[in-house]
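Novice: Quick one: structure below, then a few questions.
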Amino acid sequence: MKILITYFGFAYIISWIVWFPLYGQELGLKVMPIIPFQHGIGGLGPLVASFLTTWIYYKNKGLKKLFKKCIQIKPILYLVIALLTPFLLALIATIMNSAINEAPINLSGLLTVKEFPNFNLLTFFIYNLIFFGFGEEVGWRGFALPRIQNKFNALTSSILLTIFWAFWHLPLFFNGPGYTSMEFTDVFGWFFSLLTGSILLSWLFNSSKGSILICAVFHSTINIAFTADFADQNIVNYMGFLITVWGILTIIYFKPKNLAKIEREKKPAYNKV
C-alpha cells in the first residue's frame, strides 16, 4: 500500500504542477507563462512517478524490469489489435452515422485534429504515444495495475484504478481541451468511457503478459479516434457505444478474475521486484 500511495502522490503532484499555468488563473492565482505542449508535458507525470517510485523502492534492478516492459512487443497479435481496432471502430461508427442520420461518409478528417492543425496522422500519433501513451500507461497499467491486482481481481482492480485515473484529470476541468465545456451528464459519460477504456487496457495488459508498449499504443490510437476532425458528436457517441459493447463482451468472455485467458499480471511481495 505504501508503494501505491507514493506512486499516486508523485503522479498527481508532478502533473498538477506542470499544468498549474493552465488552470491557476481560473482559480484566481498568479500563474507562470504557458509553454508549448504544456498539456502533453503534464501527461508525463505518471511515467515520471512510476520510474521515481521504482527507483526509491527497487533501485536499478526495478528500473531495468520496468523499462523492459516498456519495449515488450510480443505477442504481436495484441500490438496489431491496439494499433488498428480504434480506427476500425471509427470506420464502423461513421457507417452507422451515415445509415442512421443519412450523413455523408468522409474519413479525411481522421488525418487531422483541430488542436494541432499542423500535425498529420503520424505526428499526432507520435505526440499521443509519447505524452499520453507512455506518459500515462507506464504508470497506470505498468506500475499501479499489477500491484492492485495483487489484492483484487482484474475487473475490481480496473474499477479502482479508474477512480485514481479520473481524479488525476481534475485540474483539466478548469482549463483543458474538451473538459471545460462538460456538464454533469457529460462528466458521468466521460467517467464511464474512462472505465470502459480501463477494462480494455487491463485486458490488453494481462493478455500480453504485461506489455506497457501495447497499452501505450492502444491509448494513443483511441485518443486519435475520439479527437480527430471527422468525429462529430454523433460519431463520437456511436464509437462510445461500440467501445462499451466491446468492454462488456470482454468481461463476459474473459471473466472478471483475470480479464484474460491467462493469469492476471501481479507483482510479488512489495519488498521484492
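The values are calculated or read from the model by the stated rules, or taken from the named source; none is laboratory data. Computed from a predicted model, the values in this text were never measured in an experiment. In this analysis, Cβ positions are derived from the backbone assuming ideal geometry, glycine residues included, and neighbour counts consider all displayed protein chains.
Novice: Among the listed residues Met182, Met239, identify the single one that is at pLDDT below 85 and of a type in the set (A, V, I, L, M).
Specialist: That would be Met182, the only listed residue that is at pLDDT below 85 and of a type in the set (A, V, I, L, M).
Novice: Here's something else I'd like to know. For a quick check of your reading of the model, give me the residue pairs whose first member lies in region 178-195 and is without any contact (Cβ under 8 Å) to a residue 60 or more places away in the chain, whose second is exposed (fewer than 13 other Cβ atoms within 10 Å of the Cβ) and assigned to a helix (DSSP H, G or I), with beta-carbon atoms closer than 6 Å and at least 6 apart or on different chains.
Specialist: Matching pairs, first to second residue: none at all.
Novice: Now for a different question. Restricting to region 1-51, count the residues that are under 17 Å from the mean Cα position of the chain (by Cα) and either among the small types (Gly, Ala, Ser) or at pLDDT below 95 (or both).
Specialist: 9
Novice: Can you go through Leu161, Leu145, Leu172 and tell me which one is under 24 Å from Ala228 (Cα atoms), touching a residue at least 24 places away in the same chain (Cβ under 8 Å) and not charged (D, E, K, R)?
Specialist: Going through Leu161, Leu145, Leu172 in turn, the sole match is Leu172.
Novice: Which condition from (1) touching a helix residue (DSSP H, G or I) at 6+ places or on another chain (Cβ under 8 Å); (2) part of a helix (DSSP H, G or I) is the one that Phe119 breaks?
Specialist: In the conditions (1) touching a helix residue (DSSP H, G or I) at 6+ places or on another chain (Cβ under 8 Å); (2) part of a helix (DSSP H, G or I), Phe119 misses (2) alone.
Novice: With respect to the numbered conditions (1) of a type outside the set (Lys, Arg); (2) under 23 Å from Leu88 (Cβ atoms); (3) modelled with pLDDT of 95 or more; (4) not in a helix (DSSP H, G or I), which one is the sole condition not fulfilled by Phe152?
Specialist: Unmet condition: (2).
Novice: Kindly evaluate Ile130 against the criterion of being part of a helix (DSSP H, G or I) and exposed (fewer than 15 other Cβ atoms within 10 Å of the Cβ).
Specialist: Considered against the rule, which asks whether it is part of a helix (DSSP H, G or I) and exposed (fewer than 15 other Cβ atoms within 10 Å of the Cβ), Ile130 comes out as no.
Novice: Here's something else I'd like to know. Which one of the conditions (1) on the phi > 0 side of the Ramachandran plot; (2) surrounded by fewer than 18 Cβ atoms within 10 Å (Cβ to Cβ) does Gly210 fail to meet, given that it meets all the rest?
Specialist: Result: Gly210 fails condition (2) only.
Novice: Would you kindly identify the helices (runs of 4 or more DSSP H) lying entirely within region 12-116 that contain at least 2 residues that are of a type in the set (A, V, I, L, M)?
Specialist: In region 12-116, the matching helices (runs of 4 or more DSSP H) lie at 45-70, 76-101.
Novice: Same structure, new question: Inspect all residues belonging to region 218-234 and state whether any of them is at positive phi and of a type in the set (A, V, I, L, M, F, W, C).
Specialist: No, region 218-234 contains no residue that is at positive phi and of a type in the set (A, V, I, L, M, F, W, C).
Novice: Residue pairs, Cβ under 7 Å, 6 or more apart or interchain, first in region 8-35 and among the hydroxyl-bearing types (Ser, Thr, Tyr), second part of a helix (DSSP H, G or I) and surrounded by 12 or more Cβ atoms within 10 Å (Cβ to Cβ). List them.
Specialist: Tyr12/Trp168; Ser15/Gly42; Ser15/Gly45; Ser15/Trp168; Tyr23/Phe174; Tyr23/Asn175
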